[in-house]
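Working notes, structure below.
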Amino acid sequence: MDHLIYTAMSGASRSLMQQQVHANNLSNVNTSGFRGDLDKAMSSKVSGSGYDSRYMVQNASGGVDMASGSLEETGRDLDVGIVGNGLIALQMGGKEVYTRNGHIDVSEDGDLTINGQPVVGEGGPIVLPPFAQVSIADDGTISIVPQDGDINALMDVDRIKLVDVATNQLSKDNNGFLISSNRTEPRSETVSLASKHLESSNVSAISEMISNMSLNRSFEAQIKMMKVAEDLAQAGNRVLRNT
């Protein structure tokens, strides 16, 4: 009888974990540059004498869906969308993290950040001097018109670090940034940007909603199986008592 209980309990646990992944994807359907999480599971034998034939589901990281989203024009000078493969490098502590979100903010002191993390340039975090206008080229070069407004004094200030990391080497940290096994990655000269654009999330709201409804039905079925196992166990106990 416990075979049925293990099967139902394992299936219900798996459904709950899948729901968390798909719910997180659905909640970020409008987040610029968001990459959907993938779910994965493996069977794990239950240890202990007499339990060798029992297996439980062991959840594992399924990686990240790196399919591209669509580029949408915003008209904002500090918005950039990545064309094709590639990532924008950010600094977090003593290492780099990566993102496809190109919505760059600038502080009063000229610091460029994305989601609160400094944007990495040629020699570290990018800091702009006072400017009247700013533009970003397709190779990540940042140019400004100084605050005095002399358009003939247009000058290159820094260059955003763009990298290209293989999908199987990427994972997400607890803050939702992409990370690799290395502390830093080399600059890629093949990654290109689209200025005044942002990339949409690659998550399909319809697909995620359908997945969630299917998982809800699966979870309910597993709970019913656990109830059936309980009823059968009670029936067996009554037979034993009567004998």
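The values are calculated or read from the model by the stated rules, or taken from the named source; none is laboratory data. Since we're looking at a predicted model, the values are computed, not measured. When we count neighbours, we look across all protein chains shown, and the Cβ atoms used for this are built from the backbone with ideal geometry, even at glycine. To get the accessible areas, we keep the full protein, side chains included, count just its heavy atoms, and leave off ligands, DNA and RNA. Shrake-Rupley method; radii C 1.70, N 1.55, O 1.52, S 1.80 Å.
One table, with the values for the structure above:
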{"item": "Positions within region 64-101 being under 25 Å from Gly124 (Cβ atoms), of a type outside the set (A, V, I, L, M) and within 15 Å of the chain's Cα centre (by Cα), in sequence order", "result": "Gly86, Tyr98, Thr99, Arg100, Asn101"}
{"item": "In region 233-243, residue farthest from Ala8 (Cα to Cα) [restricted to those that are in a helix (DSSP H, G or I) and open to solvent by 70 Å² or more (accessible area, probe 1.4 Å)]", "result": "Asn242"}
{"item": "Selected residue [in contact (Cβ under 8 Å) with a residue 12 or more places away in the chain and either out of contact with any Asp or Glu (no Cβ under 7 Å at 6 or more places or on another chain) or closer than 18 Å to Leu198 by Cα (or both)] from Asn101, Asn152, Asn174", "result": "Asn101"}
{"item": "Any chance Ser207 is over 13 Å from Gly86 (Cα atoms), touching a Phe, Trp or Tyr at 6+ places or on another chain (Cβ under 6 Å) and of a type outside the set (Asp, Glu)", "result": "no"}
{"item": "Among residues of region 116-146, those that are at pLDDT 95 or above and at positive phi, counted", "result": "1"}
{"item": "Among the candidates Leu71, Leu26, Leu16, Leu38, residue that is within 20 Å of Leu215 (Cα to Cα), at pLDDT 90 or above and not acidic (Asp, Glu)", "result": "Leu26"}
{"item": "Number of the exception - Leu198 against (1) surrounded by 11 or more Cβ atoms within 10 Å (Cβ to Cβ); (2) farther than 28 Å from Ser32 by Cβ", "result": "(2)"}
{"item": "Boolean, Asp156 is in contact with a Leu (Cβ under 6 Å, 6 or more places away or on another chain) and loosely packed, with under 14 Cβ neighbours inside 10 Å", "result": "no"}
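A quick yes/no check of all residues on (1) open to solvent by 60 Å² or more (accessible area, probe 1.4 Å); (2) out of contact with any His (no Cβ under 7 Å at 6 or more places or on another chain):
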{"site": "Asp65", "(1), (2)": "no, yes"}
{"site": "Arg76", "(1), (2)": "yes, yes"}
{"site": "Asp79", "(1), (2)": "no, no"}
{"site": "Leu87", "(1), (2)": "no, yes"}
{"site": "Gln91", "(1), (2)": "yes, yes"}
{"site": "Ile104", "(1), (2)": "no, yes"}
{"site": "Gly121", "(1), (2)": "no, yes"}
{"site": "Gly124", "(1), (2)": "no, yes"}
{"site": "Leu128", "(1), (2)": "no, yes"}
